[in-house]
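What follows draws every value from the coordinates through simple rules; no lab data is involved. Predicted model only: the values in this text are computed from it and were never measured. FYI the Cβ positions are ideal-geometry reconstructions off the backbone, even for glycines, and counts take in every protein chain you see.
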Amino acid sequence: MEMRIDPLADIQSSRDTRRIPIDRVGVRGLRHPIRVKDRNGGEQSTVATFTMNVALPQEFKGTHMSRFVEILNQDDGAISVESFLRMPEQVAVKLDAAYSHVEMTFPYFMMKQAPVSGAHSVMDYEVTFIGEQGPDGSDLRVRVTVPVTSLCPCSKEISEAGAHNQRGHVTVTVELKKFVWIEEIVEFVERAASCELYGVLKRPDEKYVTERAYNNPKFVEDIARDVAVALNDEDRVGKYAVEVENFESIHNHNAYAQIVGHGKG
């Protein structure tokens, strides 16, 4: 005897009578393996945390959450940057949405060489790819957070000996018009800081970075402006935002600056 299976109710597709559209609805905190090519011709395998959203019209009660996960798992193995670029359109099509938003955040690793001893070590940077698909087309932004050292110009000027310094985070978000390596964005920032950071420092290196910062004092305003100067000259960059936050060593609060601008792209 053949068993009869009744169709299950699809509550998400039922109508909603409150007439309030939802700007973004979807999933957050979803981890998945990815592959990222680096500037040296290699490829890094890492893990990204995904956020995937769509706009929900007022007449629908809910979206189909499982479809977001299905998109991540439609290809065997890890997701590449190339496959991520196609994802916002895939999300919009699969969920029949006019607007989609996809983010993947992951640690990106760069091998660095200490300035005097040449000791090699790995530094990690937080990177986020942000893709959107809407009626006007697609948009791609990259956000990179770079840890740096800053030394206070005022403290140096008024002190007989020494000056206070601190570690800070510079977060750059750029709208890409042409391809830009993650390493290039990191370098834009590190050149603007009092000194860059390293994973391993021998004593001669520690002397170098201490004196480098002392001879190159920067406020958060200075770092933000110097990064903006570099981005203003870039024809590969459209809109951008630079945020600088110093974790102050002599205050119980942080110093912060932001610049929003546009490159030549």
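If the limit is 29 Å between Cα atoms, which of Lys94/Lys177; Lys37/Lys177; Lys37/Lys264; Lys207/Lys264; Lys156/Lys264; Lys207/Lys239 go over it?
Numbers: Lys94/Lys177 26 Å; Lys37/Lys177 19 Å; Lys37/Lys264 26 Å; Lys207/Lys264 39 Å; Lys156/Lys264 36 Å; Lys207/Lys239 38 Å.
The answer is Lys207/Lys264; Lys156/Lys264; Lys207/Lys239.
For the chain, the alpha-carbon radius of gyration amounts to 1.26 times the rule-of-thumb value 2.2 N^0.38 Å expected for a compact globular protein. Counting alpha carbon pairs within less than 8 Å and at least 6 residues apart, what relative contact order, in whole percent, applies to the range 38-151? Answer for the range 38-151 is 25 percent. Tilt of helix 81-94 relative to the longest C-alpha principal axis of the chain, in degrees (0 to 90, nearest 10)? The answer is roughly 30 degrees.
What the Cβ-Cβ distance of Lys94 and Gln44 gives, at R0 = 25 Å and to the nearest 0.05, is a FRET efficiency of 0.35. I'd like the distance between the alpha-carbon centres of the range 169-234 and the range 46-85, rounded to an integer number of Å. Centre-to-centre (Cα) distance: 34 Å.
Taking every DSSP beta bridge that has both ends in the chain, the antiparallel portion is near 95%.
Kirkwood hydrodynamic radius of the range 16-158 from all distinct Cα pairs, in Å? Please list the in-between numbers first.
Numbers: mean 1/r = 0.0569 Å⁻¹.
Value: 17.6 Å, from the Cα pair sum.
Between the residues Ile223, Val69, His262, the greatest Cα displacement towards the positive end of the dipole of the chain, with unit charges on the Cβ of Lys, Arg, Asp and Glu, is found for Val69.
The slack in the chain from Ile158 to Arg35, taken as 0.36 nm per residue of separation less the alpha-carbon distance, amounts to 39.3 nm.
Annotation for Arg225 and Gln258: the two label points, set 7 Å from Cα along the Cα-Cβ direction, are 2.0 nm apart.
Among Asp205, Asp75, Asp96, whose mean-square fluctuation peaks in a Gaussian network model of the chain (Cα, cutoff 10 Å)? It is Asp75.
Remark: relative contact order (the chain) = 14 percent; criterion is Cα-Cα distance under 8 angstrom and separation of 6 or more residues.
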